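Notes follow once the structure below has been shown.
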Amino acid sequence: MADLAARSALVHDGEMTGRVIRAGDGEVLGSPDGCRDRFLINSNEWGGRFALVEHLLAPGSIAAPMHRHTKEDEFSFILEGRVSYHAAGEELEATVGDLVFKPRGEWHTFWNATDEPARVLEMISPGGLEEAFRIIDSAPGDLDLGPVIDPYGCEGDMDATLPIIEKYGLTFG
């Protein structure tokens, strides 16, 4: 068992090798006052098939503007707290143990309107979109999202996002 946790090679001959990702491991990027992302499984380790990112939502934060993507589906498993979603034209709340499905082509966003932190495990299939998260998380606050998300088959809508931000008093961090 210790050998499995001690392996440093992630890929061997094009195949993923067994390993344990410890709590606290993984690259974490983003604003502590907004949505930080902890990168757990990168799609380039899985031939592009899959990515896994933990979203760490500060109280009163929104993760992203209203957006949709054309290349992947996202599955959000709530690990801690309460997370609100706007999807398929309605607002939904998910709590610990709930799974939210965000299919490609559907406009959506999510936020934490509570006073407590929230954590979401985001499964992305196929992978690749996590690279846009990395760029956004490392960029200055005045980043023009369009040129960043366009190559990933995404589009955003800040006009649809502003009423949510105003209604719940949210910030991007």
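Rule-based calculations on the coordinates, nothing more; no lab input. Note that the structure is a prediction, hence the values are computed from the model and not measured. Neighbour counts run over all protein chains shown; Cβ positions are idealised from the backbone, glycine included.
Relative to the Cα centre, the charge distribution of region 89-173, modelled as +1 at Lys and Arg Cβ and -1 at Asp and Glu Cβ, gives a dipole magnitude of about 220 debye.
Classify region 46-97 as rounded, prolate or oblate from the Cα gyration tensor: take a ≥ b ≥ c as the square roots of its eigenvalues, call it rounded if a/c is under 1.5, otherwise prolate when a/b beats b/c and oblate if not. Because a/c hits 1.5 or more and a/b fails to exceed b/c, region 46-97 counts as oblate. Toward the positive end of the charge dipole of region 74-159, with +1 on the Cβ of Lys and Arg and -1 on the Cβ of Asp and Glu, the farthest Cα among Cys154, Ser138, Ile78 is that of Ile78.
Taken about its Cα centre, the chain carries a charge dipole of roughly 380 debye when the Cβ of each Lys and Arg holds +1 and the Cβ of each Asp and Glu holds -1. Once the Cα atoms are used to define both axes, helix 158-168 deviates from the longest principal axis of the chain by about 80 degrees.
Sorting Lys167, Lys71, Lys102 from the fewest to the most surrounding beta carbons within 10 angstrom yields Lys167, Lys71, Lys102.
Legend: ranking of residues Ser43, Ser31, Ser76 from fewest to most surrounding C-beta atoms inside 10 Å; resulting order Ser31, Ser43, Ser76. Where a ≥ b ≥ c are the square roots of the eigenvalues of the C-alpha gyration tensor, would you call region 84-173 rounded, which needs a/c under 1.5, or, failing that, prolate if a/b is larger than b/c, or oblate? The shape class here is rounded. What does the C-alpha gyration tensor say about the overall shape of region 20-117? Classify as rounded when a/c is under 1.5, otherwise prolate if a/b is larger than b/c, or oblate. Note, shape of region 20-117 comes out oblate.
Kindly put Arg38, Arg22, Arg68, Arg49 in sequence by how many other C-beta atoms sit within 10 Å of each C-beta, fewest to most. Intermediate values should be presented prior to the final figure.
On the way: Arg38 20, Arg22 8, Arg68 17, Arg49 13.
The most exposed by this proxy come first: Arg22, Arg49, Arg68, Arg38.
Rounded to the nearest 20, the size of the Cβ-charge dipole of region 37-133 about its Cα centre is 240 debye, with Lys and Arg at +1 and Asp and Glu at -1.
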